[in-house]
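Just below is one structure, and these are the notes that go with it.
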Amino acid sequence: MDVEINLKHILNLVFNQDTSYFNDMTPLSEVYAEFDSMSIMNLLLELEHSFSVNMNSIELSRESFETFGALLRCVKNSIYSANCNA
């Protein structure tokens, strides 16, 4: 499973914009007006479904959503934690 490609696809659905160019430094929370509390909830639900993880098990903060790289690290950490606890 390529986490980065899957995350870009999920964000494409949330933002309804091309995310193929996203890199670690691509800002999320300050750039996209669509990235509000409702889209964050939709994003978390989609992440849980797509990666079979419980996002409640990791610490999320505002910083987790600042850049694509920060969000990617959170998702990878949650996948790693889920695999370790299985």
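The values are calculated or read from the model by the stated rules, or taken from the named source; none is laboratory data. No experiment lies behind these values; they were computed from the predicted model shown. Virtual Cβ from ideal backbone geometry, glycine too; neighbours counted across all protein chains shown.
Within region 38-67, can you find the residues that are part of a loop (DSSP other than H, G, I, E, B) and in contact (Cβ under 8 Å) with a residue 24 or more places away in the chain? Break it down into steps so the answer makes sense when it comes.
Initial filter on region 38-67 (part of a loop (DSSP other than H, G, I, E, B)): 52-54, 58-61, 66.
Across region 38-67, the qualifying residues are Ser52, Val53, Asn54, Glu66.
Evaluate the following for Leu11: is it within 15 Å of Glu66 (Cα to Cα) and in contact with a Ser or Thr (Cβ under 6 Å, 6 or more places away or on another chain)? Steps first, please.
On the way: within 15 Å of Glu66 (Cα to Cα): yes; in contact with a Ser or Thr (Cβ under 6 Å, 6 or more places away or on another chain): yes.
Here the answer is yes, as Leu11 does meet what is asked.
Residue by residue, here is whether (1) touching a helix residue (DSSP H, G or I) at 6+ places or on another chain (Cβ under 8 Å); (2) surrounded by 16 or more Cβ atoms within 10 Å (Cβ to Cβ) holds:
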residue	(1), (2)
His9	no, no
Met38	no, no
Asn42	yes, no
Glu46	yes, yes
Ser52	yes, no
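Would you check which residues across region 18-35 are surrounded by fewer than 11 Cβ atoms within 10 Å (Cβ to Cβ) and at pLDDT below 85 and list them? Steps first, answer last, please.
Filtering region 18-35 for residues surrounded by fewer than 11 Cβ atoms within 10 Å (Cβ to Cβ) gives 18, 20-21, 23, 25, 30, 33.
Selection gives Glu30, Ala33.
Has region 18-33 got at least one residue that is assigned to a helix (DSSP H, G or I) and on the phi < 0 side of the Ramachandran plot?
Checking region 18-33: not a single residue is assigned to a helix (DSSP H, G or I) and on the phi < 0 side of the Ramachandran plot.
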